[in-house]
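Worksheet: the structure to be examined is printed underneath.
Only the coordinates and a few stated rules stand behind these numbers; no lab work does. Treat the numbers as computed from the prediction; the structure is a model and nothing was measured. Quick reminder, even Gly has a Cβ in these numbers, built from the backbone with ideal geometry, and neighbours come from all protein chains shown.
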Amino acid sequence: MSKQQGPSVSVVSTVALCGECAEPLSFDVSGSRFVCGNGQCAMLGMDLPVWRVLKRAGLAVPGVVGLPRPVYRGMPVPWIAPVAADGRVWFRALDGERLARAQSEWLCQLCGEALSDEAWVFATPEGLVLQAALHEGCKDIASGFCPHLSGPISRAVPRPVTCEEISADGRPLPVAGPSDPDFPQQWRIL
Ligand SMILES: [Zn+2]
Ligand SMILES: [Zn+2]
């Protein structure tokens, strides 16, 4: 876990402060990473995943496993979404450690529970899988609340799969080895 230590940061409530210049960090355009925008700062432009910032500040909370999902601002909270100690949820970010576990252990990315042989993924017409697999019922919950999963941007549609039908970074999933929290696997449908 020491591969990417990076600069230090601190978090006041859910406002993350740059460890170098102590100015508040802002979000990059994707809304999923913190970045220092202070032109005088040595960390200018260096971005940090939300989950790493929360973890380093001791404010990351474990994902809640199972159904029904916790609700934040009217939306079910996916197991792989970073959550801060004050309850704030980053829907557009991913918790690298939980995503890596979902990929390595064939867990549902929405509820965190084990999957059976038959599961579902959201995949683009080119076969790119969005993150990891889901239960059938969890796929329906995600479809209803996460427009980016199946909207016009990703063009992803739900597809039933088994782990034998997926490649992870170019290798068949059953022999791909563990996923890395800092560099999660990219899945494809074979
Ligand atoms: Zn800074
Ligand atoms: Zn599930």
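Summary of computed values
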| quantity | calculated |
| --- | --- |
| Unit Cα scatterers, Debye sum, the stretch 96-189: log10 I(q)/I(0) for q = 0.10, 0.11 Å⁻¹ | -0.21, -0.26 |
| Computed label-point distance, nm, for sites Glu105 and Tyr72 using a 7 Å Cα→Cβ extension | 2.0 |
| Rough spin-label spacing in nm, given labels placed 7 Å along Cα→Cβ, for Leu128 and Ser143 | 2.2 |
| Residues in the stretch 79-116 that a label on Val175 would reach, taking backbone N under 11 Å of a point 7 Å out along Cα→Cβ | none |
| Among 180-187, 160-167, 79-86, the order from most to least packed when residues are scored by Cβ within 10 Å on average | 79-86, 180-187, 160-167 |
| Net length gained if the chain between Ile189 and Ser26 were fully extended (0.36 nm per residue, minus Cα distance) | 55.1 nm |
| Per-pair calculated FRET efficiency, R0 = 25 Å: Val65 and Asp182 via Cβ, rounded to 0.05 | 0.65 |
| Length gained when the stretch Ala114-Arg88 is fully extended (0.36 nm per residue, less Cα-Cα span) | 6.8 nm |
